[in-house]
Each structure stands twice: as C-alpha cells, then as structure tokens.
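Peer 1: Dumping the structure here so I can ask a few things about it.
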Amino acid sequence: MATGLAFLLPAALFPMGSAHATQPECAYIVSPRMANDLRSLVVDVTIGCTENMLPKDFAVAYGGEDYADWRRLDDGRLTYAARLGALASAASSADFTATPRGVMAPVDAWLGIPMATDGTVPLPIVEDPKNASGILFLHNLTAERLPHAGGAITREDWAFGGYTVFTDRKPMQVMTPGPGAFTDPGRTGARQAEITVAVLDDGFAMDDVAITAWITSFAGLVGRYWGGFPADNLLVAVTPHRRVNDPFGRVRGGGGPTLLMRISKQDSPKFLHEKDWVLTHELVHVGAPFAPARRPWFMEGMATYLEPLIRGLGGAIPRRAVWDERVRAMPTGAAALNTEGLDGRGHPYWSGALFFLLAQYETAKLGHPDGLAPCFRAFRRQLGDASQRTSIQNLMRICDEALGKPIMSDLHARYASPSDFDIRPLWQALGLKRGKDGTIFAPEGAAMRDLFFNSAQFPEPLS
Ligand SMILES: [Zn+2]
C-alpha cells in the first residue's frame, strides 16, 4: 500500500522512518459536503495505509448507522461516508452540536481508527485539497505536538480526542503571549499562542469580534497566572445554549486542546465579562494535563480554586467577592473531607478547592509571594497542556519540587481518607468570619490575606 500512500500525501506530512513492521500508518483525507445547510453534513473519509486494511479493522465510538458505506477503491484505499449532521442532530450529549451554520463532534465520534494496531493510532489527518464545498474543517490535532514519535496518538488519547468542527462561517484567529512568555528566560515575546474561535451559528447578541474579545481577555488572565498562555494552540467552539446567563463549558484535549463554550444567544458582554466563571474554569483545564477522571478532585479542585483567584488577580471581580465565595462554599469541601476524604466520592469540586486553599495557605505561612503559581508553570514546562495525561501523584510531586517543600503530598496524606478536619482555625488565621450580611474581614488577618493576592503570581507582560 506504500505506493497508494505516496501520492496521497505530500512527503512533508509523512513521518518517514517511524513505521515498524506491526504498525500500519494511515493518512486520512477528510472531504465535507452538505445538501442544504450544515445539519445535512456528510463527511467523506478516504484512508490510505501502509498495510492492507479492511473496513472491519476500523472502529468509531458512536457512529453506528450514521457511519457507513465502506468501500475499497481500486488503488487499495478505503472510503466511507460519516453522516455527521444527522449524528450530531440526534445526539443528546453536550459534546455534539448541529446548527444550520456548523457541526461540532468529538473526533472519535466519526473518524475511524484502526483496531488491529499496537494501541497507537496513526495521524495525520489531511483536508481534501480539492474541497470546494465552502465548508471548513477545524481541529487541533497536530502530528508534531503529539507526544509519540511519528505523529501517532494513543488509543487512550483517542477516547478523549478533541472536538472537531465543520462550519461555513469563517473562524476568528487571535494571538496571545504563549507558554513561558513572561517567565522563561529568552522566551519574552518570542512565543505566541494561537487561539481559533469558531462561532457555530448566527444571531448571537455579541458579534464574532466581541465573542472573541471576551475569550481572549480571559485567556490573557489565565496566561498571566501561568506566565504565558499554557498551550501553543487552542480551538474554541462557541455553540448556542438554551439557558440564558448560564454558560456551559468543557475541554477535550486528546491530540491538542479544544474548548467548548455554550452560551445563550441573548447573553450580553456585561454578563459574560462580569459574571461568567465557566470560561475561566475551562481555560484553567487547558493549562494542565488530565489526571484520571475517576479521581476528579485534583483537576476540578484546581479549576474551582484558580478560577476566582485568577479573576480576582485580574480585576474581573473584586477580591472581596473571592473571599466571600470561599467562606460560603469551602464548608461543603470541609464536610466532604470529614465524611469521604479527598479520594472518596464526596464533593470533588469543593474538597479539591479546599485542598488548594490549604496548600496556598502553607505557602503563605512560608512567606512565598507567588503562592502555588510555580506548580502550574512547572506542570506546563514538564508535562505540557491538556493534550497530555498524567497521574495525581506525578502532579503533586512536580508541585512539591517547585515549592521546595512536600506541601501537596503532606496534605494529601492527611486528607485522602476521612479525617476530623476543622475549618475554623484557617478562617481565624485569615481573619475571616461569616456574618449575617456577608463576610466580616478582621484587620489581624489582612497581611496573610494580601499574600493570597500578591502580584508575584501575576507577572506583567513585558513589552
Ligand atoms: Zn471542570
């Protein structure tokens, strides 16, 4: 099949020398077409492999009957048609969207992967160079960013593979200071991250420029906390949501980070800039590798803790509101530590957030002005962004090294199982009390509280 592949792919896209005997390499040509609008989208996929492959060698996660018409071409390549418009229209999951102007689905929903391999899935995916349909195919799967040689993605990565988008609306592309831009020597201003924003329908109260400005402004705040936006590339899909003033978001990172934001067509810039927390929460997920989903306390605790901290540091919300929320919500986490522990099934968002609050408190007691920020910058440097996967143990180890003290592993050892945690001494040390009309801030804890918002966590962009 090598000859079939040779004319299918330009040489530069084909990683020579990385094939070994048992591992076929396949390249995909993706050709979208539609009848009336994107809801009738059909994606024709043609696959050329270095070994003789049969349709039965390939599988998708959800395709079913919308993924059919497999044929073998005369030159040995395989082809099939994915009725992705129909599949996305019928799906009830938030991972799928179909509007007249765009379709979004996780890549593993429609792109067949070879099953008879050693567990890695070969890339790259190539757009049909002859595609004259006017439909753009957007994804963030890039062979050179993948952790495995030869542009392969593991089957486990595939299961949380990024979102793919088909749209006839032009996406917006913006640049923001990228990984390490403010903190790594020699990187200042040199490394830019590219954010692509695809709005998948017409009729939003904000035009595409305003939606992109909203996303870019919060990506900029998250980037300052990380010392530069933590991913080189991010694809954001903005899709319509029925509920007003109640956005929904999700990150899928396999192969390259992608972020879904569902917002109501009525949501105003004022609401999104001043009240929405979901975008910042999801952008935090972009900045760290995925730790196992069956133990969500670390990832969700990290996002729940950092989201208000970053918005407070950036001036998007008053710092007082951050403390208010903590005093109100951390007791939920404390109760979960008492009854279940971190590793139990209690409230992973707030038990995890409380873990991070306690960790920052430990850094404050040491007088560290940059809090936990060195941890997240070290995750990015040593492990990468949301396209990577790791263990909680590994994340805690890297953090402890970055802080110079086993703060995380000590806290985890104390609170992994149910404990008799009491939150009152912490509030006392911080000079916080829950009053009838909101939080009461005592002057005694002011210096400690200030340390939590020290600007060392939030380096100024150097121009
Ligand atoms: Zn989350």
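Peer 1: If you take the residues of the stretch 347-371 that are surrounded by fewer than 22 Cβ atoms within 10 Å (Cβ to Cβ), part of a loop (DSSP other than H, G, I, E, B) and not hydrophobic (A, V, I, L, M, F, W, C), which of them is nearest to the ligand (Cβ to nearest atom)?
Peer 2: Top of the filtered list is D370.
Peer 1: Another question, if that's okay. For the stretch 416-435, give me each residue that is under 34 Å from the mean Cα position of the chain (by Cα) and not in a loop (DSSP other than H, G, I, E, B).
Peer 2: Here is the first cut: in the stretch 416-435, the residues under 34 Å from the mean Cα position of the chain (by Cα) are 416-419, 421-423, 426-427, 430, 432.
Hits for the stretch 416-435 are L426, W427, L430, L432.
Peer 1: Check L395, L432 and return the single one that is within 20 Å of L372 (Cα to Cα), assigned by TED's automatic domain parsing to the domain that holds R319 and in contact (Cβ under 8 Å) with a residue 12 or more places away in the chain.
Peer 2: On the way: L432 fails: within 20 Å of L372 (Cα to Cα).
Just a single option satisfies the conditions, and that option is L395.
Peer 1: Give just the number: which of (1) at pLDDT 95 or above; (2) surrounded by 13 or more Cβ atoms within 10 Å (Cβ to Cβ) does D422 not satisfy?
Peer 2: With respect to (1) at pLDDT 95 or above; (2) surrounded by 13 or more Cβ atoms within 10 Å (Cβ to Cβ), D422 is out only on (2).
Peer 1: Mind checking which residues of the stretch 55-108 are in a helix (DSSP H, G or I), modelled with pLDDT under 90 and either of a type in the set (V, I, T) or within 25 Å of the chain's Cα centre (by Cα) (or both)? Working first, answer last.
Peer 2: Here is the first cut: in the stretch 55-108, the residues in a helix (DSSP H, G or I) are 55-57, 64-66, 84-90, 107-108.
Among the residues that remain, those that are also modelled with pLDDT under 90 are: 55-57, 64-66, 107-108.
Once the filter is applied, which keeps residues that are in a helix (DSSP H, G or I), modelled with pLDDT under 90 and either of a type in the set (V, I, T) or within 25 Å of the chain's Cα centre (by Cα) (or both), the stretch 55-108 yields V107, D108.
Peer 1: Out of all the residues in the stretch 32-54, which are out of contact with any Gly (no Cβ under 8 Å at 6 or more places or on another chain) and modelled with pLDDT of 90 or more?
Peer 2: Once the filter is applied, which keeps residues that are out of contact with any Gly (no Cβ under 8 Å at 6 or more places or on another chain) and modelled with pLDDT of 90 or more, the stretch 32-54 yields P32, R33, A35, N36, D37, V43, D44, T46.
Peer 1: Test V284 against the stated conditions and say whether it is modelled with pLDDT of 95 or more and over 22 Å from L430 (Cβ atoms). Break it down into steps so the answer makes sense when it comes.
Peer 2: Working: modelled with pLDDT of 95 or more: yes; over 22 Å from L430 (Cβ atoms): yes.
Taking the combined requirement at face value, the residue satisfies it.
The values are calculated or read from the model by the stated rules, or taken from the named source; none is laboratory data. Remember, it's a predicted structure, so these values are computed and weren't measured experimentally. Counting neighbours? That spans all protein chains shown, and the Cβs are built from the backbone with ideal geometry, glycine included.
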